[in-house]
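Novice: Before I ask anything, here is the structure I am working with.
What follows is calculated from the coordinates using simple rules that are stated; it is not laboratory data. Nothing here was measured: the structure is a model prediction, and the numbers come from that model. Ideal geometry is used to build each Cβ from the backbone, glycine not excepted, and the neighbour counts take in all protein chains shown.
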Amino acid sequence: MSSATSPASTGSARLHPAGSGGATREALLEAAAARLEAVGWASFSFRDLAEQVGIRAPSIHYHFPSKADLGVALVTWMREQRSEHEHLLIADFPNPRLRLLALGQMIAERTCGAGAEKSCPIYALQAEFAILPESVQQAVTGWIDDCLAGLTRWLEDGRTRGDLRFPGDAAQQALVVWSVLQQGTQLHRTHPNTDYLALVRQLVATISP
């Protein structure tokens, strides 16, 4: 499952001022998620975050001694948010086929809608994977493994229920689904006339009974 719907998607340009330590940390994570989606990992600094949150840049080191520490915390935070979204989708769409379509809709609204200029945070991190600190690389790999495991469970459940049909191993099929969900958003960026939801519907149609 993609985290294109990270909490940063609902934040304002300038986040709530720093208050308690916990609130400041949360604000910094929200700001970092927004910057990651907008400009990527390498193109934002602690100074950018400080300006957005409304604190002095050196104060950030109290919460995150280095950008690598921030990166690991950010991936962990976004991963937790993704887990919450997954639980909501499962509750709202017991049918895995309809759940996949709903996931596609969520991603489309975030990354492919009118005026959308932000990347899926997972894709943004994958695109710069080679320059990420090793600890952040490990966190990103774990997050993607978690997403693929979730998709595998959805697919296995759908096939057991008779809502989905596909040959072979569910984990391999999850890689196919993941590739379309992620790469489709990037294709839309270079080819704006591409209908992302049509891609998702076509994908789901190929694994429907």
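Novice: Take ILE107, ILE144, ILE131 and order them by how many other Cβ atoms sit within 10 Å, fewest up front.
Specialist: In order of increasing Cβ crowding within 10 Å: ILE131, ILE144, ILE107.
Novice: Largest first, please: the extent of the C-alpha atoms of the chain along each principal axis, to the nearest Å.
Specialist: 57, 33, 32
Novice: Something else now. Using a 10 angstrom cutoff on alpha carbons, build the Gaussian network for the chain and name the most mobile of ALA108, ALA130, ALA32.
Specialist: It is ALA130.
Novice: How far is helix 196-206 tilted off the main Cα axis of the chain, in degrees rounded to 10, range 0 to 90?
Specialist: It is inclined by approximately 40 degrees.
Novice: Which ordering of TRP154, TRP178 is given by a fewest-first count of other beta-carbon atoms within 10 Å?
Specialist: TRP178, TRP154
Novice: As a test of the formula, what do you get for the chain when each DSSP H run with n ≥ 4 contributes -39,500 (n - 2.57) and the sum is divided by the residue count, at 222 nm and rounded to the nearest 500 deg cm²/dmol?
Specialist: Only helices count here, giving -22000 deg cm²/dmol.
Novice: Once the Cα atoms of helix 67-92 and of the chain are each reduced to a long axis, what angle between those two axes, in degrees from 0 to 90 to the nearest 10, is obtained?
Specialist: Roughly 40 degrees between the two axes.
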